[in-house]
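The values are calculated or read from the model by the stated rules, or taken from the named source; none is laboratory data. Computed from a prediction, not measured in an experiment: that's the story for all the values here. When we count neighbours, we look across all protein chains shown, and the Cβ atoms used for this are built from the backbone with ideal geometry, even at glycine.
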Amino acid sequence: MSTYAAWGPRGRGERREDDDVVETDVPARLDRLPWASWHWLVVVALGAVWILDGLEVTIVGSIAAQLQSSQTLGLSPSQLGLAGSIYVAGAVVGALFFGYLTDRFGRKKLFLITLGLYLVATISTAFSQNFAEFAIARFFTGAGIGGEYSAINSAIDELIPARVRGWVDLAINGSFWIGTAIGAAASLVLLNPKYFSIDVGWRVGFGIGAVLSIGILLVRQFVPESPRWLMTHGQADEADQIVSDIEQKVDDSTDEPLPDPEGTIEVRQRDSIGFGPVVKAVFGEYKRRSLLGFMLMVSQAFFYNAIFFTYALVLANFYGVSPSSIGYYILPFAAGNFLGPLLLGRLFDVVGRKIMISSTYIIAGTGLIIVGYLFQQNSISATQLTVGWTAIFFFASAGASAAYLTVSEVFPMETRAMAIAFFYATATGIGGIIGPALYGHNIATGNRTTVFYGYLLGAVLMILGGLTEIVLGVNAEQRSLEDVAEPLTAE
């Protein structure tokens, strides 16, 4: 027997016995909180992982030449390509494995474990002595990052008030490009033999990620477990206590009294949720939302692979830009990608998800067709191409960040981390394996028309993603997560 509780604004209320059912106002209490310094703690502690991901991707791409020239590693081009695929495979495996554990054992346990795994693997990468050690370290680095996506996105959405969930989620996902900018700027120093020798520069590059992750790990100690997860896993009293602590911190940092929460929800307490109900929900009752998530995630993955992961090759092969100067072109590109979610994010909460997601996808796809055609006609310079990509990805980055938001908020709480993991793994697997191989082959031909066809494919898929949002999109703006998708344990 467990308790049936009707808790008030500060956890006060009457309690009576009833079979494993709890009535709680935990979601309403979290959603009605005014923005405070405590929310900034959550943003910094949990959102910084995307900076690490952007740093990883950019550092590896920038130091590829050094890894080939290194007397210790001396990797061949095929080994570099294989290492990239191994990193992607690790991210896919990590997302699925840790995503399942996140739904089963809680958000906090897993976002500490996955960051710890990333830290150890990154340090191992920096000290690797041969290709085998390098490849193994890259696999587990990817696994840590992949696991972070499900643990972090689910925790953020469950802790941030509903009225600003879209803007916060987009800004955090867009911070990937802060890491990209850091990596691009660092490459200008790491690749300069005046400062670092060949065998030291690339090791320092991976060390940057390790140092950042140590700081993030320390800050994360102050982020609590998700009360929403606790309330559906037999720990309603602990959920109430955590919310009370959060309310006290917010109340102490704001001048106005906290508004009263509106509404309660009844949930049946369970220690864990079976895999069967999760699969049945995602691919049964919510199959239209699953199709939406698939289209949004896969189309943005292909779109990014069409440009970003081959950008350095295009600059080098078609414009003769030296490897040591690539960072100057990536910096404005990264700035556009970060500013898009940051500046447009508020509109996803005010104007609405369907309008903003569909428009950003379609604008980005259309822009790629135009700029890609100009590239094919050899009528723009490297600088003009960079300006074009920066403008296009101002919109594309906001749309892609919203894709992660969508797969996080439109499925029941008990399936949230696993849904994020599944769609992230699918998009990463398809876009991260097929995309680089296809676009790398196109660039190797040295034919601008062939490269343009690759751009055209990415553009068409992006537009299809936008059209799918128009038909299947969910108006989740400023709505409680429990209103957008009722928990499986709800009575």
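Just a few scattered comments:
- Boolean, ARG203 is assigned to a helix (DSSP H, G or I), of a type in the set (Lys, Arg), in contact (Cβ under 8 Å) with a residue 12 or more places away in the chain and surrounded by 22 or more Cβ atoms within 10 Å (Cβ to Cβ): no
For every residue, the table says whether it meets (1) under 22 Å from the mean Cα position of the chain (by Cα); (2) at pLDDT 90 or above.
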| site | (1), (2) |
| --- | --- |
| THR383 | no, yes |
| VAL410 | yes, yes |
| MET418 | yes, no |
| ILE433 | yes, no |
| THR449 | no, yes |
| TYR453 | no, yes |
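- So GLY465, is it buried (at least 21 other Cβ atoms within 10 Å of the Cβ) and over 20 Å from the mean Cα position of the chain (by Cα): no
- Among the numbered conditions (1) in contact with a strand residue (DSSP E or B) (Cβ under 7 Å, 6 or more places away or on another chain); (2) buried (at least 24 other Cβ atoms within 10 Å of the Cβ), the only one that PRO487 does not meet is (2).
- Some residue of segment 475-489 being among the aliphatic types (A, V, I, L, M) and more than 17 Å from TYR286 (Cβ to Cβ): no
- Residue in segment 161-192 that is nearest to VAL321 (Cα to Cα), counting only those that are surrounded by 24 or more Cβ atoms within 10 Å (Cβ to Cβ) and aromatic (Phe, Trp, Tyr): TRP177
- Meets criteria (buried (at least 16 other Cβ atoms within 10 Å of the Cβ) and at positive phi) for GLY209: no
- Residue within segment 99-107 that is touching a residue at least 60 places away in the same chain (Cβ under 8 Å), hydroxyl-bearing (Ser, Thr, Tyr) and surrounded by fewer than 21 Cβ atoms within 10 Å (Cβ to Cβ) present: yes
- The residue list LEU112, LEU119 contains one member that is in contact with a Lys or Arg (Cβ under 7 Å, 6 or more places away or on another chain) and modelled with pLDDT of 90 or more, which is LEU112.
- Taken together, SER408, SER359 contain a single residue that is assigned to a helix (DSSP H, G or I), in contact (Cβ under 8 Å) with a residue 12 or more places away in the chain and closer than 30 Å to ARG268 by Cβ, which is SER408.
- For the residues LEU456, LEU481, the requirement of being of a type outside the set (Ser, Thr, Tyr), surrounded by fewer than 24 Cβ atoms within 10 Å (Cβ to Cβ) and either touching a residue at least 40 places away in the same chain (Cβ under 8 Å) or more than 25 Å from LEU374 (Cα to Cα) (or both) singles out LEU456.
- Test result for ALA459, assigned to a helix (DSSP H, G or I), farther than 17 Å from LEU405 by Cβ, among the aliphatic types (A, V, I, L, M) and at pLDDT 90 or above: yes
- Take the conditions (1) among the charged types (D, E, K, R); (2) over 27 Å from SER290 (Cα atoms); (3) buried (at least 24 other Cβ atoms within 10 Å of the Cβ); GLU409 misses just one of them, which is (2).
- Residue within segment 184-197 that is hydrophobic (A, V, I, L, M, F, W, C), within 30 Å of ASP103 (Cβ to Cβ) and within 20 Å of the chain's Cα centre (by Cα) present: no
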